Amino acid sequence: MLPVRLFVMLLGLLLGWAAGRALAAVQPTELGYVNTLSLMLAGMLSALLLAPRIEGLSQTLLTRLSRWYAGLSPRTVAAATFGLIVALLLSVLLSSLLRSLPFYNWVWNLVITAVLGAFFVSFAVRNAEAFGLLAFPQVRRRPGSKLLDSNVIIDGRILELARTGFLDGDIVVPGFILRELQTLSDSHDAQKRTRGKRGLNVLEELRELRPLRVEDWDDPALPTTDDKLIRLARDTGARIITNDGNLGKIARLHGVQILSIHEAAVALKPQVQAGDHLTVTISKGGQQKDQGVGYLEDGTMVVVEEGLKFRGKPTRVLVVNNVQTNVGRMIFAKLDREENQP
């Protein structure tokens, strides 16, 4: 970052000037000027050498600070502010009571304020849930972020999306979704308990694959989790990842974009299934004896058993298997004996 590099060079220049002025006090005037200029140049060059390392450290600190800031919830900020207000009020009260003591001065006032602030702020933050009424339900808009619904977490296929790199942007888990999963995992119903524990395990694995942000937002006025999810998505400009068809319809009516893993899986389902008939032109021989190879219009390779004798001719075949490989899709077929007569 250029501002950091310029600041470091300016700091080195000022340190060289201060050292030169200190030496000039015990040296002749002309020599003092020369030494000051030399030390200023040496300080600036030293800062230029150290600037890349300092720039990297500052970038790391800024990244950590931004992550810490992003993880702050309105309740935590409200609790810390309330604790600091109480500490300042008590500090003023104690300073008024203790100022008549002979040993009391402003240093004691600072110490008392620091101790009270550390105690009340830390206590309030540990009990931030009690300050929900003081926190406004405000959230920050983050373009490109995605909200996870409970059903898509329990589904588990989102882990594969994360592993393959298709899940980009900021991944957000609302606090009320976490509470819903916790309620399910503590349920007396065995099926609900299994679903809740599976959802929590999926989140734990997902957190190891990529960073997750918990948005501790809630609105008690909204009756259902779906209503809260849609409101949060509208306020933050995020998209909802869900497999709930009804939620998707309602969200789209509210202008919220939906990403459905189920719909994506259906869209990516192979168009050719075992048992289907195709007409393909055999263009070359395969690796096995009498094996023929042809291609569909989209470039998909079709391997036909005993198809080499129909080389160069449109041939009707019966699909036996459809295999997805790292390099593309391959279709294995055999001759349709009823349509093809040698």
Task: 0 to 90° range, to nearest 10: angle between helix 190-209 axis and the chain longest Cα axis - done: 70
Task: Between helix 29-70 and the chain: long-axis angle, C-alpha atoms, 0 to 90°, nearest 10 - done: 50
TODO: Would you mind calculating the gained length between Arg53 and Thr183 on full extension (0.36 nm times residue separation, minus the Cα-Cα distance), in nm to one decimal?
DONE: 42.0 nm
- [ ] Would you rank His254, His188 by solvent-accessible area, highest first, keeping every protein chain in place and using a 1.4 Å probe?
- [x] His188, His254
Task: Label-reachable residues, segment 303-317, where backbone N falls under 17 Å from a point 7 Å from Gln288's Cα toward its Cβ - done: 303-310, 317
Task: Stretch gain in nm, segment Arg21-Thr279, where the contour uses 0.36 nm per residue and the Cα spacing is subtracted - done: 83.8 nm
TODO: Mind putting a number on the dipole of the chain about its Cα centre? Charges go on the C-beta only, +1 for Lys and Arg and -1 for Asp and Glu, and I need it in Debye to the nearest 20.
DONE: 420
Task: Packing-based order for 220-227, 101-108, 147-154, 169-176, using average beta carbon neighbours within 10 Å, highest first - done: 147-154, 169-176, 220-227, 101-108
Task: Cross-link partners of Lys146 among lysines (Cα-Cα below 19 Å; sequence separation of 8 or more within a chain) - done: Lys228, Lys249
Task: Leading residue at positive end of dipole, the chain (Cβ point charges), from Ser122, Gln191, Val202 - done: Ser122
Open item on the list: At 1.4 Å probe size, with the rest of the protein present, what percent of the exposed accessible area of the chain is carbon and sulfur atoms?
Closed with: 61
- [ ] Can you find, among Ala233, Leu212, Leu296, the residue farthest towards the positive end of the dipole of the chain? Put +1 on the C-beta of Lys and Arg, -1 on that of Asp and Glu.
- [x] Leu212
Task: Where trypsin sites (Lys or Arg not before Pro) in DSSP loops with at most 15 other Cβ within 10 Å are excluded, longest remaining stretch of the chain - done: 158-288
Open item on the list: Need the list of lysines near Lys309 for cross-linking: C-alpha distance under 27 angstrom, and skip anything on the same chain fewer than eight residues off.
Closed with: Lys284, Lys289, Lys334
TODO: Per residue of segment 89-95, in order, report the coupling 6.51 cos²θ - 1.76 cosθ + 1.60 (Karplus, θ = phi - 60°) as ³J(HN,Hα) in whole Hz, putting x for Gly and Pro.
DONE: 5, 5, 5, 5, 5, 5, 5
- [ ] Let me know the longest stretch in the chain that avoids all GluC sites (Glu not before Pro) found in a DSSP loop with at most 11 other C-beta atoms within 10 Å.
- [x] 1-296
TODO: Can you tell me the 0 to 90 degree angle between the C-alpha axis of helix 2-24 and the longest principal axis of the chain, rounded to 10?
DONE: 30
Open item on the list: Ratio of alpha-carbon Rg to the 2.2 N^0.38 Å globular estimate for the chain, to two decimals, please.
Closed with: 1.69
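The values are calculated or read from the model by the stated rules, or taken from the named source; none is laboratory data. Note that the coordinates shown come from a computational prediction; the quantities given were computed from them, not determined experimentally. Glycine gets a Cβ as well: all are built from the backbone with ideal geometry, and neighbour counts include every protein chain shown. All accessible areas refer to the heavy atoms of the entire protein, side chains included, with ligands and DNA or RNA removed. Shrake-Rupley method; radii C 1.70, N 1.55, O 1.52, S 1.80 Å.
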